[in-house]
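Student: This is the structure I have questions about; it appears just below.
We did not get these values from a lab; they are worked out from the coordinates using the rules stated. Predicted model, so just to flag it, every value in this text is computed and none were measured. In this analysis, Cβ positions are derived from the backbone assuming ideal geometry, glycine residues included, and neighbour counts consider all displayed protein chains.
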């Protein structure tokens, strides 16, 4: 497989070339690093959110919008599918790089994580990237600056001029879209955490509603996680059976039925104090090649209606 960061860089170039059409702001910093505002100081948009997801997954996914309903209300949904779940979703899309640099706080996802490859998922997948460019999507309510690009370059082992940071806030159209695209990722990661070999997940498709854009980050983070845990639906094709498939959907957790605003408040908004098991889609269908098909969990539209103020 070609370098994930190499493939993601091509998509970043596309974002730069069509920045006006995407409503994306591009800034070249004094160290020649590039920061792209996909939805921090600007609203962002549907197309920006879709392209941001493609960047995070290094182009190994098909991403689109569709219309569906939540509690009878028509809402935009995001659909994502891939035949490379381990690479695209775990080594790419997953947000696993905590950024805390000179007062800046954010969460990094995307292929740059594979240049560091210190997270457990990289050992499970057996992948580490080597490339001169680093593409890190950054979720924050502040546009990353010079210090952040220097930090990323140092940790990833690339020149500062090779750092590309597409940034977005959760409380933006881009944020709601890109978060809705994570249903498949959550299912694959949950399986991996339960001990299933992620390389045995052959293909996956996921969908979730695009949460209404909130006016603050905390509400946005809660709503977008509700969209996944109570509205996310995923279909996986896997190569081998497993005795813990029933633990994949969000309904398998003790916290099921509680809105994420309550869950996060109980943890004082320290996400690392929240059990990882709550970050799971509402419903999964798991097809074992040559074996059984498991249908687990179900959406909770009543909770989503309250969360979305429908």
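Student: Tell me the label-point distance for the pair residue 30, residue 267, using the 7 Å Cα-to-Cβ offset, in nm and rounded to one decimal.
Tutor: Inter-label distance under the simple model: 3.8 nm.
Student: Would you calculate a helix-derived [θ] at 222 nm for the chain, using -39,500 (n - 2.57) for each DSSP H run of n ≥ 4 and dividing by the full residue count, to the nearest 500?
Tutor: Taken over the chain, the calculation gives -9000 deg cm²/dmol.
Student: I'd like the orientation of helix 46-56 relative to the chain: the angle between its Cα long axis and the longest Cα principal axis, in ° from 0 to 90, rounded to 10.
Tutor: On a 0 to 90 degree scale, this one is about 80.
Student: With axes computed from alpha carbons, what is the tilt in degrees of helix 4-17 against the longest principal axis of the chain, rounded to the nearest 10 within 0 to 90?
Tutor: 70
Student: Next question, about the same structure. Over the chain, what number does the Rg to Rh ratio reach, with both radii from the alpha-carbon atoms and Rh per Kirkwood? Don't jump to the answer; show the numbers that get you there.
Tutor: Numbers: Rg = 18.1 Å, Rh = 19.1 Å.
Reported Rg/Rh, Kirkwood definition of Rh: 0.95.
Student: If you don't mind, another one. Where is the GNM fluctuation largest for the chain (alpha-carbon springs, 10 angstrom cutoff): 79, 130, 54?
Tutor: 130
Student: To continue, here is another question. By how many nm would the segment from residue 203 to residue 120 grow when fully extended, if each residue of separation counts as 0.36 nm and the alpha-carbon distance is taken off?
Tutor: 27.8 nm
Student: Top mean-square fluctuation among 157, 59, 44, Gaussian network model of the chain, C-alpha springs under 10 Å?
Tutor: Highest fluctuation among the options: 157.
Student: By average Cβ neighbour count within 10 Å, what is the ranking of 200-213, 93-106 from highest down?
Tutor: Per-residue mean Cβ counts within 10 Å order the peptides as 200-213, 93-106.
Student: Find the centroid of the Cα atoms in the stretch 226-285 and in the stretch 7-30, then give the distance between the two in whole Å.
Tutor: Using only Cα atoms, the two centres lie 33 Å from each other.
Student: Provide the percentage of antiparallel DSSP beta bridges, counting only those with both residues in the chain; round to the nearest 5.
Tutor: Antiparallel: roughly 70 percent of the beta bridges in the chain.
Student: Report the Cα centroid-to-centroid distance between the stretch 80-158 and the stretch 190-209 in angstrom, as an integer.
Tutor: Cα centres, the stretch 80-158 to the stretch 190-209: 20 Å.
Student: Here is a further query. Could the peptides 32-41, 11-20, 175-184 be put in order, highest first, of the mean number of other beta-carbon atoms found within 10 Å of their residues? Don't skip to the end; give the middle numbers.
Tutor: Values: 32-41: 22.6, 11-20: 15.4, 175-184: 29.4.
Most protected by this proxy first, the peptides run 175-184, 32-41, 11-20.
Student: Compute the helix-to-body angle for 183-193: its Cα long axis versus the longest principal axis of the chain, expressed 0 to 90° and rounded to tens.
Tutor: Tilt of helix 183-193: around 80 degrees.
Student: Then there is this: Send over the semi-axes of the stretch 47-142's equivalent ellipsoid, whole angstrom and largest first, taken as the square roots of 5 times the C-alpha gyration tensor eigenvalues.
Tutor: Taking √(5λ) for each Cα gyration eigenvalue gives 26, 18, 12 Å.
Student: Also, I was wondering about something else. At 7 Å along the Cα-to-beta-carbon direction for both residue 147 and residue 20, put a label point, then send me their distance in nm to one decimal.
Tutor: Each label point lies 7 Å from its Cα, and together they span 3.5 nm.
Student: Percent relative contact order of the stretch 152-310, based on C-alpha pairs within less than 8 angstrom and at least six residues apart?
Tutor: Once normalised by length, the contact order is 24 percent.
Student: Moving to a separate point now. Please tell me the relative contact order of the stretch 4-307 in percent, rounded to the nearest whole number, where contacts are Cα pairs under 8 Å and at least six residues apart.
Tutor: Relative CO of the stretch 4-307 lands at 17 percent.
Student: What distance in nm separates the two pseudo spin-label positions at residue 102 and residue 287, each 7 Å out from Cα along the beta-carbon direction?
Tutor: Reported label-point gap for residue 102 and residue 287 is 5.1 nm.
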